[in-house]
Amino acid sequence: MKVAISWTGGKDSALACIKAQKSHEVALFVNFRWDKPSLSHPMAIAKLQSEAVNKPFLWERVQDPYLESYRLSILYLKNKCGIDAIVTGDITVDAFHGKWIDEVCKDTGVQVIKPLWEKDRTTLMEDLLESKLKVTLTCVKEPWFTEDWLGRTIDEKCYQDLQELHKKNGVDICGEFGEYHTMVMDAPFFTKTIHMPSFTKMKTENGFIMEPTGLSLKPKPA
């Protein structure tokens, strides 16, 4: 089956891609861009990701009315790019959007593949650690996190700390309810790795986001 990866830039879409590659042909990546980009997913990093992936990368602008706009984009992927299905990193029902991608693809003839759907959170985090993805926390929300979490790489120590926070304040260790957001700096399907020498921290109404500086693409380590 020929599939497109719905790419947010974060860990879940990247892990879903890795899982989908095992049984499907990944033809392209697509980023659905809203009129107002998410500050949780820095565009400067996303642009380098689009250069680093080893497949065509499409930017699809969506706007109000969003359901119709998304469907037009999905139909374009089907009719012009030959896509049979779209792969997302959704883990559970979104409290605000519900099963959004399922509703978008209804009656379009495009299937929805969700490799992470309703999987145990611990299993997903362990899969992430084994996946060779390099993932950075680009947004953290209060009251679950303090600003020192911003910019951390999800490694074994970070995973342990997330488990402790889960016990302490109930944070979802995958950040599925918006407690934190991430961006992928390297992946097995990247041709180069993203180098971020520094970043500044910005306070928001309910947490902290980063503004990367000095970003560049570097050759992968041998």
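Residues that are part of a strand (DSSP E or B) and basic (Lys, Arg) were ranked within the range 132-149; the one that is farthest from residue 13 (Cα to Cα) is 141.
Count, please, the residues in the range 150-173 that happen to be in a helix (DSSP H, G or I) and surrounded by fewer than 19 Cβ atoms within 10 Å (Cβ to Cβ).
We begin by selecting, within the range 150-173, every residue in a helix (DSSP H, G or I); these are 156-169.
From the residues that got through so far, the ones that are surrounded by fewer than 19 Cβ atoms within 10 Å (Cβ to Cβ) too are 156-161, 163-169.
Going through the range 150-173 one residue at a time, the tally reaches 13.
Flag: residue 132 does not match the condition of being under 22 Å from residue 184 (Cβ atoms), basic (Lys, Arg) and in contact (Cβ under 8 Å) with a residue 60 or more places away in the chain.
Yes or no, residue by residue, for (1) farther than 27 Å from residue 122 by Cβ; (2) assigned to a loop (DSSP other than H, G, I, E, B); (3) touching a His at 6+ places or on another chain (Cβ under 8 Å):
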residue: 177; (1), (2), (3): no, yes, no
residue: 183; (1), (2), (3): no, no, yes
residue: 205; (1), (2), (3): yes, yes, no
residue: 218; (1), (2), (3): yes, no, yes
residue: 221; (1), (2), (3): yes, yes, no
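Starting from residues that are part of a strand (DSSP E or B) and small (Gly, Ala, Ser), keep the ones in the range 207-216 and report whichever is farthest from residue 51 (Cα to Cα). Even if it seems obvious, please write down each step before you answer.
The first filter runs over the range 207-216 and keeps only residues part of a strand (DSSP E or B), leaving 207-213, 216.
Those left that are additionally small (Gly, Ala, Ser): 207, 216.
Values: 207: 30, 216: 11 Å.
Among those that are part of a strand (DSSP E or B) and small (Gly, Ala, Ser), it is 207.
Residues that are assigned to a loop (DSSP other than H, G, I, E, B) and surrounded by fewer than 17 Cβ atoms within 10 Å (Cβ to Cβ): does the range 195-203 have at least one? The answer is yes, given that some residue of the range 195-203 is assigned to a loop (DSSP other than H, G, I, E, B) and surrounded by fewer than 17 Cβ atoms within 10 Å (Cβ to Cβ).
Residues that are over 13 Å from residue 128 (Cβ atoms) and either within 14 Å of the chain's Cα centre (by Cα) or of a type outside the set (D, E, K, R) (or both) within the range 146-175 comprise 146, 149, 150, 151, 160, 163, 165, 166, 169, 170, 171, listed in sequence order.
Computed from the coordinates by the stated procedures, all read-outs in this text should not be read as laboratory data. Predicted, not measured: the structure shown is a model, and the values here were computed from it. Positions of Cβ are backbone-derived with ideal geometry, glycine not excepted, and every protein chain shown enters the neighbour counts.
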